[in-house]
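So the structure is just underneath, and the comments pick up after that.
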2 protein chains.
Amino acid sequence: MIRLVIADDHPIVRAGLLALFSLEPGIEVVAEAGTPDEAVAAAERENPDVVLIDLQFGAQAASTGAEATRRIRALDAAPYVLVLTNYDSDADILGAIEAGASGYLLKDAPPHELTAAVRAAAAGESALAPVIASRLLDRMRAPQASLSSREIEVLDLVAAGRSNTEVAADLFVSETTVKSHLAHIFTKLGVASRTAAVSVARQRGILR
Amino acid sequence: MIRLVIADDHPIVRAGLLALFSLEPGIEVVAEAGTPDEAVAAAERENPDVVLIDLQFGAQAASTGAEATRRIRALDAAPYVLVLTNYDSDADILGAIEAGASGYLLKDAPPHELTAAVRAAAAGESALAPVIASRLLDRMRAPQASLSSREIEVLDLVAAGRSNTEVAADLFVSETTVKSHLAHIFTKLGVASRTAAVSVARQRGILR
DNA sequence: CGATCCATCCTCCGAAAGGACGACTCCACG
DNA sequence: CGTGGAGTCGTCCTTTCGGAGGATGGATCG
């Protein structure tokens with residue numbers, strides 16, 4: 001019997017997963033969680049085989065799904081973690097994998113894909129949704145111009161529509177510094193203007 | 001007995017809704033739909049009291065939730081339509097209301113809010129999630145600078161990172177015209193730069 | 001210890017963006 | 001049949017942005 005913990009902030013989704021797995025022989029949902037912290041607590045308490053956790057939790061949540069994944073994988077008898085997400089464009093894909101997730105699933109996946117993934121995870125295998133897998137490969141192929149945290153910070157303000165002067169004021173640096181960061185960002189992203197940079201950053205999931 | 005049709009492209013969400021309502025006395029789910037078209041067909045065939053339909057369907061769907069709402073409300077024995085959505089920032093709120101939805105619910109709403117809304121809808125009352133209601137009021141208060149279709153077209157290209165000259169070339173107009181459109185957009189949105197315009201347009205759901 | 005990346009700061013200059021006028025069509029609406 | 005809005009175009013002018021180039025200190029890592 002595979003002992004499963006499901007974690008999602010939407011009661012509806014939790015009910016759906018519960019209904020799905022209750023029909024599934026050999027899989028038992030031993031706990032539900034509505035927040036990342038609850039998920040970690042449940043994983044520690046119930047000592048399940050697999051944890052199925054959403055990546056996006058509501059804004060009021062303390063931590064993220066990726067963070068919870070990391071903490072769950074750091075437990076003594078660490079269960080396998082399957083990550084669930086709405087969007088295949090999510091920037092946290094890599095983060096989740098690094099955090100120790102053994103699978104990555106889309107919420108619009110057909111049910112049998114879900115159950116198959118749970119079984120695969122319980123067996124210690126990794127299971128990626130095909131879309132995700134190919135996207136990961138893409139990302140591997142493309143040298144993946146990753147922005148520094150400071151650069152992301154700058155780009156985030158730019159995406160909010162702030163001018164260079166405003167960004168400079170916000171970050172307590174000179175405007176030349178902002179321009180310098182932006183210049184790096186442009187070359188890394190292969191674009192020539194701030195709006196284009198924001199556009200591709202959104203596309204790649206660097207911004208949301 | 002309230003006869004209910006549920007429509008959502010995520011099998012998980014459908015299962016969740018189904019599970020939720022199956023526990024609910026006096027409510028019976030008579031059909032499920034995975035696409036807007038299926039939802040319309042089911043509404044016509046089953047002649048339900050209420051249709052619960054998602055606004056966002058996957059990219060491969062032919063039409064939108066709002067469109068389906070309109071068509072369902074145009075049926076002879078038109079059932080009431082409750083619209084379900086992930087985000088309270090959705091631009092289609094007004095569209096859905098105009099299309100004849102009698103309620104607007106968030107997916108992270110607690111289950112009892114859902115069932116209450118279905119009962120209210122079946123009784124012919126309208127039910128809006130509190131968040132949505134206040135947001136609607138906000139929108140009423142703010143004169144709602146709506147952009148013309150041409151302006152949206154321009155802004156969309158700008159959001160993709162194209163320059164004024166490129167936008168002009170794309171739309172077969174002069175650059176002056178593009179700048180003119182942008183100037184109007186800026187005043188309408190109360191901003192001073194293209195990136196800021198894109199930002200608030202996204203926020204208001206004018207762009208996605 | 002160098003190598004490397006990052007963040008910070010310059011200057012100079014051309015190109016792009018935006019503001020402020022005005023003006024011409026077309027079409028819908030009363 | 002006007003009136004007005006939307007879309008189109010223009011000019012002149014100022015500000016901002018972005019490119020090119022270089023320089024400094026700090027952190028990290030083999």
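Tell me yes or no: at least one residue of the range A:40-54 is within 22 Å of A:SER126 (Cα to Cα) and at pLDDT below 90. For the range A:40-54, residues within 22 Å of A:SER126 (Cα to Cα) and at pLDDT below 90: present. What's the total number of residues in the range B:34-52 that are within 14 Å of another protein chain (Cβ to nearest Cβ) and either open to solvent by less than 30 Å² (accessible area, probe 1.4 Å) or in contact (Cβ under 8 Å) with a residue 60 or more places away in the chain (or both)? Residues flagged as within 14 Å of another protein chain (Cβ to nearest Cβ) and either open to solvent by less than 30 Å² (accessible area, probe 1.4 Å) or in contact (Cβ under 8 Å) with a residue 60 or more places away in the chain (or both) within the range B:34-52 amount to 2.
The range A:141-208 holds helices (runs of 4 or more DSSP H) entirely within its bounds, and those carrying 2 or more residues that are under 21 Å from B:ARG202 (Cβ atoms), open to solvent by less than 50 Å² (accessible area, probe 1.4 Å) and aliphatic (A, V, I, L, M) map to A:149-159, A:175-189, A:194-203. Apart from one condition, A:ALA159 fits all of (1) modelled with pLDDT under 90; (2) away from DNA strand D (no atom under 11 Å from the Cβ); (3) within 11 Å of another protein chain (Cβ to nearest Cβ); the exception is (1). Residue count for the range A:11-39 under the criterion of being among the acidic types (Asp, Glu), in contact with a helix residue (DSSP H, G or I) (Cβ under 7 Å, 6 or more places away or on another chain) and under 20 Å from A:ALA123 (Cβ atoms): the result is 1. Of all residues in the range B:53-70, those satisfying the criterion of being open to solvent by less than 30 Å² (accessible area, probe 1.4 Å) and within 14 Å of B:VAL81 (Cα to Cα) are B:ILE53, B:ASP54, B:LEU55, B:GLY65, B:ALA66, B:ALA68, B:THR69.
Screening the range A:167-196 for residues that are farther than 16 Å from A:SER149 by Cβ, within 7 Å of DNA strand D (Cβ to nearest atom) and in contact (Cβ under 8 Å) with a residue 12 or more places away in the chain and picking the one that is farthest from the chain's Cα centre (by Cα) gives A:LYS179. Here B:ILE27 passes the criteria (1) farther than 24 Å from B:GLU113 by Cα; (2) modelled with pLDDT of 90 or more except the one numbered (1).
The values are calculated or read from the model by the stated rules, or taken from the named source; none is laboratory data. Because the structure is a prediction, the values reported are computed rather than measured. Ideal geometry is used to build each Cβ from the backbone, glycine not excepted, and the neighbour counts take in all protein chains shown. Accessible surface areas use protein heavy atoms only, side chains included; no ligands, DNA or RNA. Shrake-Rupley method; radii C 1.70, N 1.55, O 1.52, S 1.80 Å.
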